[in-house]
Every structure is written in structure tokens, then in C-alpha cells.
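Visitor: Provided herewith is a single structure, encoded as C-alpha cells, for subsequent inquiry.
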Amino acid sequence: MHGVDWDAPGCIHTAGEAMEYIHKIGFLPLFRNDIPGFSLEEHTASNDWWSGEPKTDPWIWREAIARTGEIAYGKFFDKKAGFISREWFPYFANYRRDGYDFDARWEDGLASVRHKRIMDLFEDQEQLYSYEIKKNAGYGKGGEKNFEGMITALQMQTYLCMKDFKRRRNKRGEEYGWNIAIYSRPEQLWGYDYVTSRYCEEPEASWSRMLEHAEELYPAAEEKQLRKVLK
């Protein structure tokens with residue numbers, strides 16, 4: 001991990017501090033990338049990662065942050081995980097969706113059948129475990145391939161995010177195994193009108209605002225680096 005010493009100035013020590021930082025920055029990848037300093041990893045103590053201690057482990061924080069519903073968490077940055085604040089999500093949604101709701105994208109022939117099978121599940125369900133999506137959308141043994149690629153693409157387009165993480169339950173109601181991602185539409189977090197509130201402008205205008213903000217935060221970064229992470 002490429003973090004900092006625990007007592008370094010600006011080191012983030014709690015999930016609450018991480019949320020404050022994300023709100024301040026607006027959007028933030030989870031892990032280190034081509035832009036120095038543009039990740040949660042680089043602002044936390046290296047030894048705290050994967051410690052299993054909920055109060056200090058950033059890997060566990062991501063679950064707690066997603067669970068609040070105040071910040072969207074998902075694979076939003078170059079197909080890798082990260083956070084987008086409520087304030088900035090409409091800009092990402094307008095740009096990444098090119099102004100399309102998913103149904104409109106499908107009607108215009110711009111969405112694949114495999115994506116539609118996933119999104120159709122959310123017509124009647126507000127949230128679904130990843131394994132439920134995989135099974136009910138026809139992926140897995142003898143079915144469709146590349147489930148991870150499909151669900152990642154839908155997150156990159158901002159149609160889905162990870163709302164929570166929970167363990168499975170057996171027939172007796174007992175929890176078992178690892179925590180599993182629970183997916184939802186961002187509209188379930190903040191409402192359709194808010195998520196689509198930047199549809200009033202051209203997608204490129206939203207992109208320009210995102211790019212300008214990132215350039216203000218990271219003036220040393222080259223535009224091609226910013227495009228790789230944010231496009």
C-alpha cells in the first residue's frame with residue numbers, strides 16, 4: 001500500500017474523516033492511480049489496511065460509507081472502485097450516460113441485451129445481492145459470460161452503485177461467509193429528479209466542469225491522466 005505514516009499531517013484515521021474528505025474533494029478513487037494523491041489509499045496509514053478493525057481499516061470503511069447513502073460507492077474510475085459525493089454525482093451521471101436513462105439507451109439500440117437483463121431486475125427490486133443479479137440475469141454455468149465486466153460497465157455508466165455489503169443467510173437465518181456487495185440504482189439513494197438534474201445541460205458541459213474541478217485539485221496532473229481516471 002502507498003499510504004502515509006499514522007501520525008503524518010492530514011492522515012485520515014476514521015470513516016467519518018474519510019467522508020468529510022470525500023465531500024470536500026467531490027470524487028475520489030479508492031486506490032492509487034496515475035495521479036499522485038488522488039486516492040483514499042494515499043491519505044491513510046498503510047498498516048491499517050486489511051487489519052479487520054472496523055474503526056481503522058479503510059477497506060471496511062468503504063462498506064460503512066456506502067451504507068450511509070450520503071456518498072455513492074462503485075467502480076466509477078477506470079473500472080476501479082471509488083466514491084462520488086452527492087453534490088457531484090449528477091455531473092457524472094449526465095456525462096457518463098450521455099444524457100440517457102437506461103430505457104432510452106436501450107430503445108436507441110445503445111445498450112446490450114446482457115446489460116438490459118441486469119437492469120430489468122431493478123424494475124421490481126430496490127436492491128439486490130450480486131449473486132442474485134448473476135443468477136436471475138442468466139449468468140454463471142451454462143449461461144451468459146463476463147458478469148463482472150457487465151456489472152462494472154453499468155457502474156461506469158452510473159446506472160448502478162454498491163449500496164451496502166452483507167453476509168448471506170442460510171435457511172435458519174444464520175449469517176455465513178464474507179460480506180457481499182448489494183447493488184442499487186443511484187436513484188434509490190437520492191431520487192430520480194436529483195440524479196438527473198444535470199440533464200438540462202450538454203454532457204460535454206458536465207465533463208468540462210468535472211475536468212476543471214480535478215485540474216484545480218491536482219494542477220500537476222496531465223490532462224491525459226485525468227481523462228484516463230475520469231472518462
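The values are calculated or read from the model by the stated rules, or taken from the named source; none is laboratory data. What you see is a predicted model; the values in this text were computed from it and never measured. Cβ sites come from the backbone with ideal geometry, for glycine too, and all protein chains shown count toward neighbours. Heavy atoms of the whole protein, side chains included, go into the accessibility calculation; ligands, DNA and RNA do not. Shrake-Rupley method; radii C 1.70, N 1.55, O 1.52, S 1.80 Å.
Visitor: When you go through (1) open to solvent by less than 10 Å² (accessible area, probe 1.4 Å); (2) aliphatic (A, V, I, L, M); (3) over 23 Å from S184 (Cα atoms) one by one for I22, which number turns out not to apply?
Guide: (3)
Visitor: Can you run down the residue pairs with Cβ atoms below 7 Å, 6 or more apart or on separate chains, where the first is in the stretch 151-171 and farther than 18 Å from R86 by Cα and the partner is of a type outside the set (D, E, K, R) and loosely packed, with under 13 Cβ neighbours inside 10 Å?
Guide: R167/Y176; R167/G177; R167/W178; R168/Y176; R168/G177; N170/Y176
Visitor: For the stretch 39-90, what are the residues that are assigned to a loop (DSSP other than H, G, I, E, B), touching a helix residue (DSSP H, G or I) at 6+ places or on another chain (Cβ under 7 Å) and not acidic (D, E)?
Guide: Matches in the stretch 39-90: L40, W49, W50, P54, T56, G69, K79, R86.
Visitor: Is the stretch 110-124 home to any residue that is open to solvent by 20 Å² or more (accessible area, probe 1.4 Å), within 25 Å of D34 (Cβ to Cβ) and not in a loop (DSSP other than H, G, I, E, B)? Steps first, answer last, please.
Guide: Of the stretch 110-124, the ones open to solvent by 20 Å² or more (accessible area, probe 1.4 Å) are 110, 112-117, 120-121, 123-124.
Now drop any that are not within 25 Å of D34 (Cβ to Cβ), which leaves none.
Taking every residue of the stretch 110-124 in turn, none turns out to be open to solvent by 20 Å² or more (accessible area, probe 1.4 Å), within 25 Å of D34 (Cβ to Cβ) and not in a loop (DSSP other than H, G, I, E, B).
Visitor: Please count how many residues of the stretch 40-74 are of a type in the set (K, R), closer than 12 Å to I22 by Cα and either touching a Lys or Arg at 6+ places or on another chain (Cβ under 6 Å) or open to solvent by 40 Å² or more (accessible area, probe 1.4 Å) (or both).
Guide: 0
Visitor: Checking G138 against (1) surrounded by 11 or more Cβ atoms within 10 Å (Cβ to Cβ); (2) without any contact (Cβ under 8 Å) to a residue 40 or more places away in the chain; (3) within 22 Å of A64 (Cβ to Cβ), only one condition comes out false. Which one?
Guide: If we test G138 against (1) surrounded by 11 or more Cβ atoms within 10 Å (Cβ to Cβ); (2) without any contact (Cβ under 8 Å) to a residue 40 or more places away in the chain; (3) within 22 Å of A64 (Cβ to Cβ), just (3) comes out false.
Visitor: Just one of (1) surrounded by fewer than 18 Cβ atoms within 10 Å (Cβ to Cβ); (2) modelled with pLDDT of 95 or more trips up N179, so point out which.
Guide: It is condition (2) that N179 fails.
Visitor: If you don't mind, another one. Test each condition in (1) open to solvent by less than 40 Å² (accessible area, probe 1.4 Å); (2) under 30 Å from R169 (Cβ atoms) for E144 and report the one that comes out false.
Guide: Status for E144: all satisfied but (1).
Visitor: Next question, about the same structure. Looking at E215, E201 in this structure, which one is of a type in the set (D, E, K, R) and assigned to a helix (DSSP H, G or I)?
Guide: Values: E201 fails: assigned to a helix (DSSP H, G or I).
The conditions single out E215.
Visitor: Also, I was wondering about something else. Considering the stretch 1-57 alone, what residues qualify as being under 18 Å from R86 (Cα atoms) and hydrophobic (A, V, I, L, M, F, W, C)?
Guide: If the condition is that a residue be under 18 Å from R86 (Cα atoms) and hydrophobic (A, V, I, L, M, F, W, C), then A15, A18, M19, I22, I25, F27, L28, L30, L40 are the ones that fit.
Visitor: F27 versus (1) touching a His at 6+ places or on another chain (Cβ under 9 Å); (2) aromatic (F, W, Y); (3) closer than 17 Å to I60 by Cβ: which is the lone unmet condition?
Guide: (3)
Visitor: Right, next: Please work out which one of (1) closer than 29 Å to L121 by Cβ; (2) surrounded by fewer than 16 Cβ atoms within 10 Å (Cβ to Cβ) is the condition E222 fails and give its number.
Guide: Single failed check for E222: (1).
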